[in-house]
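The values are calculated or read from the model by the stated rules, or taken from the named source; none is laboratory data. Remember, it's a predicted structure, so these values are computed and weren't measured experimentally. Ideal geometry is used to build each Cβ from the backbone, glycine not excepted, and the neighbour counts take in all protein chains shown.
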Amino acid sequence: MSETTPGGADLAARAAALDTADPLAKLRDRFALPDGLVYLDGNSLGALPAAVPGAVEDVVRRQWGELLIRSWDESGWWTAPERIGDLIAPLIGAAPGQVTVGDSTSVNLFKALVGAARLAAPGRTRMLVDATTFPTDGYIAASAARLTGLEVVPVDPSDAAAHLTDTTAVVLLNHVDYRTGRLHDLPALTRAAHASGALVVWDLCHSAGALPVGLDAHDVDLAVGCTYKYLNGGPGAPAYIYVAQRHQGAFDSPLPGWNSHVEPFAMTPEYEPAQGAARTRVGTPDILSMLALEAALGAWEGVDVADVRAKSLALTDFFLECVAAYVPEGAVEPVTPAPHAERGSQVSLRTANARAVMTELIARGVIGDFRAPDVLRFGFTPLYVSFADAERAARTLGHIFG
Ligand SMILES: *Cc1c(COP(=O)(O)O)cnc(C)c1O
């Protein structure tokens with residue numbers, strides 16, 4: 001209990017005061033979270049929005065069961081990828097008409113990278129790829145480069161600018177590193193890529209829904225991201241792809257399925273791409289998970305991402321303070337950067353026996369995750385995580401080492 005831990009009563013009282021003053025605190029009611037659980041893994045699988053079960057029930061029983069094939073028009077199934085893309089757009093700073101939902105992040109990354117390589121100026125031969133990246137991004141980048149005749153150059157994103165030359169065609173970067181939680185400078189890196197004449201593809205998996213992205217404001221070319229982390233779309237929810245309006249007319253998809261045709265139902269043997277965001281579609285949308293995502297996005301109604309960012313930083317600051325107070329000196333070492341400008345919405349702590357420590361934390365009702373070989377990862381999702389959760393998580397961690 002907090003009273004038996006040095007400084008505990010004080011920190012618990014501070015947590016209660018911070019929760020009382022938190023303008024986003026009431027948003028937790030938009031989620032169905034089990035009582036008594038501290039959930040700090042929303043950067044891996046977001047919590048269940050309370051509106052989703054009823055919406056899915058309606059999609060299955062009425063839209064599919066009763067309306068049957070009529071639902072492609074009457075229930076708006078056919079236009080769901082663009083409609084739901086437009087719900088995500090404001091969360092990533094994009095005007096409508098530039099985002100579609102569908103397929104996995106991996107598949108969208110493939111479309112974006114090959115598409116970017118085909119948009120790049122002739123004679124450019126290199127693709128700079130964030131070498132610390134989530135593995136799938138590296139695998140897909142290698143294949144996209146091979147297919148388009150580019151050479152992959154692994155870079156550390158924080159000094160990617162130093163590797164830009166007049167032979168750089170495409171740059172692939174992660175906005176937030178999934179393992180360390182480090183936030184990279186999207187405006188500056190995008191500017192540097194453009195100054196060298198390259199296109200930039202941003203992976204937003206660990207930033208969208210946690211902090212402002214500003215795709216349009218910073219002239220980003222293409223971006224992808226997943227929806228089952230901070231956007232709470234559910235396991236395997238479809239990902240999204242952004243192609244800036246100025247590139248849409250020349251975007252040449254490597255997967256030009258019939259859904260991206262200008263007239264899909266003309267069923268013509270010749271391919272003619274749709275105008276606009278629909279050009280990034282491939283095949284029939286995965287309607288069940290897509291409409292679960294649409295219902296999940298209702299949790300963002302009236303929410304300003306700037307407020308989400310402010311709470312996220314306050315939560316991670318407070319968690320780090322609690323860890324310093326509760327966990328014996330030297331037992332854990334924060335690997336997430338301290339400066340706010342370099343911090344995403346998670347805290348990663350390095351420790352020996354990280355896997356066993358996380359197993360014990362989960363057994364005590366605090367869910368975070370473990371990343372090999374020695375990282376404890378705690379994701380802070382401001383829509384439903386409280387300051388009391390942060391205090392309890394740190395206190396429980398302290399007890400494990402105590
Ligand atoms: C979560 C994540 C993915 C997931 O890719 P899927 O194809 O949707 O499984 C890809 N890249 C990054 C950086 C991620 O964090």
Exercise. Buried (at least 17 other Cβ atoms within 10 Å of the Cβ), within 17 Å of Asp177 (Cβ to Cβ) and at pLDDT 95 or above, is that true of Pro339?
Worked result: no
For this session: Determine which member of the set Val176, Val99 is touching a Cys at 6+ places or on another chain (Cβ under 9 Å), of a type in the set (A, V, I, L, M) and within 30 Å of Ala295 (Cβ to Cβ).
Result: Val176
Exercise. Limited to the range 117-132, what total is found for residues that are away from the ligand (no atom under 12 Å from the Cβ) and either among the acidic types (Asp, Glu) or touching a Ser or Thr at 6+ places or on another chain (Cβ under 9 Å) (or both)?
Worked result: 9
Problem set entry | the range 133-170 - residue that is surrounded by fewer than 20 Cβ atoms within 10 Å (Cβ to Cβ) and either hydrophobic (A, V, I, L, M, F, W, C) or outside the structural domain of Asn108 (by TED's automatic domain parsing) (or both) and, of those, farthest from the ligand (Cβ to nearest atom) | Ala162
Exercise. Which of the residues that make up the range 92-116 are away from the ligand (no atom under 16 Å from the Cβ) and either assigned to a loop (DSSP other than H, G, I, E, B) or surrounded by fewer than 24 Cβ atoms within 10 Å (Cβ to Cβ) (or both)?
Worked result: Gly93, Ala94, Ala95, Pro96, Gly97, Gln98
For this session: Please indicate, with yes or no, whether at least one residue in the range 171-188 is more than 16 Å from the ligand (Cβ to nearest atom) and either crowded, with 24+ Cβ neighbours inside 10 Å or of a type outside the set (Gly, Ala, Ser) (or both).
Result: yes
Problem set entry | Conditions (1) in a loop (DSSP other than H, G, I, E, B); (2) farther than 22 Å from Gly46 by Cβ; (3) of a type in the set (Gly, Ala, Ser): number failed by Gly234 | (2)
Problem set entry | Meets criteria (assigned by TED's automatic domain parsing to the domain that holds Ala325 and aliphatic (A, V, I, L, M)) for Leu27 | yes
For this session: Identify, from the list Gly46, Gly76, Gly42, Gly54, the residue that is assigned to a loop (DSSP other than H, G, I, E, B) and over 30 Å from Thr180 (Cβ atoms).
Result: Gly76
For this session: Report yes if some residue within the range 251-273 is assigned to a loop (DSSP other than H, G, I, E, B), touching a Leu at 6+ places or on another chain (Cβ under 6 Å) and either surrounded by fewer than 24 Cβ atoms within 10 Å (Cβ to Cβ) or outside the structural domain of Lys111 (by TED's automatic domain parsing) (or both); otherwise report no.
Result: no
